[in-house]
Amino acid sequence: MPVKDKPIKFNFLNKDQFVEKFFEISSKKSTNNALYGLSFAESIFFPIPIDPLLAACVIAKPKKIFLITFLTTFASVFGGIIGWCIGLYIGVGLQNLVEFIPGLSVHKLESVNEAFREWGLILTFIGAFTPLPYKLIALSSGATGVPLLIFVIGSIMGRGIRFTIVALLSYYLGEKAINFIKNNLALTSVILAIIIIIIWFLII
């Protein structure tokens, strides 16, 4: 008797399987809404970067590239704001506990918070633009008291530039962009971030 192939189980947390499945359904109307929802969730807890998912939607609907990119950025930044609020709540609790932790004091914690607030904009931009987990930057910004406006500005800059690059690559390269994004986007974004930061300091 011929041996039947065992069906391949879909693993939601397997990035390659998830992206492949998402690409298969990217032409459906509801897929864009799923992208925006995942973009929001990725800023708080979702473990899979949404860049390949954005690429799949742009490839499927190239005429809507600007709308898709804008709404993906908006959803991501809005999720980041929720993460910032969670971090703010955690930060308040940390200040109440710090006096009971050996070697720490409210003064030392405030010194760290002040340094983070001083560099909050550039740190937020780095977290939003590079492969660093944006969700961690959002939580840290809230916990250390980075002003919400500064966090939002850095997030819009970082997420906006990153997603625009992904969308343009997808628009001009088509399906080839998926492999480039998965294999090279991390290194490329780090290099671009370094260049932007150097220009930032030269101007300021």
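The values are calculated or read from the model by the stated rules, or taken from the named source; none is laboratory data. Quick caveat: nothing in here was measured; it's all calculated off a predicted structure. As a convention, Cβ positions derive from the backbone with ideal geometry for all residues, glycine included, and neighbour counts pool all protein chains shown.
Overview of values
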| quantity | calculated |
| --- | --- |
| Hey, PHE66 surrounded by fewer than 17 Cβ atoms within 10 Å (Cβ to Cβ) and at pLDDT 90 or above or not | yes |
| LYS108 being of a type in the set (D, E, K, R), assigned to a helix (DSSP H, G or I) and at pLDDT 85 or above | no |
| Residue count for segment 119-148, restricted to those that are within 21 Å of ILE191 (Cβ to Cβ) and in contact (Cβ under 8 Å) with a residue 12 or more places away in the chain | 13 |
| Number of positions in segment 33-58 that are in a helix (DSSP H, G or I), touching a residue at least 24 places away in the same chain (Cβ under 8 Å), surrounded by 16 or more Cβ atoms within 10 Å (Cβ to Cβ) and not charged (D, E, K, R) | 12 |
| Selection count, segment 111-140, where residues are of a type in the set (S, T, N, Q), surrounded by 14 or more Cβ atoms within 10 Å (Cβ to Cβ) and at pLDDT below 80 | 2 |
| Cβ-Cβ under 8 Å pairs, at least 6 apart or on other chains, segment 59-74 side in contact (Cβ under 8 Å) with a residue 40 or more places away in the chain, far side basic (Lys, Arg) | ILE68/LYS61; THR73/ARG159 |
| Some residue of segment 160-182 being without any contact (Cβ under 8 Å) to a residue 12 or more places away in the chain, surrounded by fewer than 16 Cβ atoms within 10 Å (Cβ to Cβ) and not in a helix (DSSP H, G or I) | no |
| Filter pass, PHE23 being touching a helix residue (DSSP H, G or I) at 6+ places or on another chain (Cβ under 7 Å) and either at pLDDT 90 or above or under 22 Å from ILE165 (Cβ atoms) (or both) | yes |
| Any chance ALA60 is among the small types (Gly, Ala, Ser), modelled with pLDDT under 90 and under 14 Å from THR164 (Cα atoms) | no |
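The rows are residues; the columns are (1) β-branched (Val, Ile, Thr); (2) assigned to a helix (DSSP H, G or I); (3) more than 20 Å from GLU42 (Cβ to Cβ); (4) at pLDDT 75 or above.
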site: GLY142; (1), (2), (3), (4): no, yes, no, yes
site: ILE150; (1), (2), (3), (4): yes, yes, yes, yes
site: LEU185; (1), (2), (3), (4): no, yes, no, no
site: TRP200; (1), (2), (3), (4): no, yes, yes, no
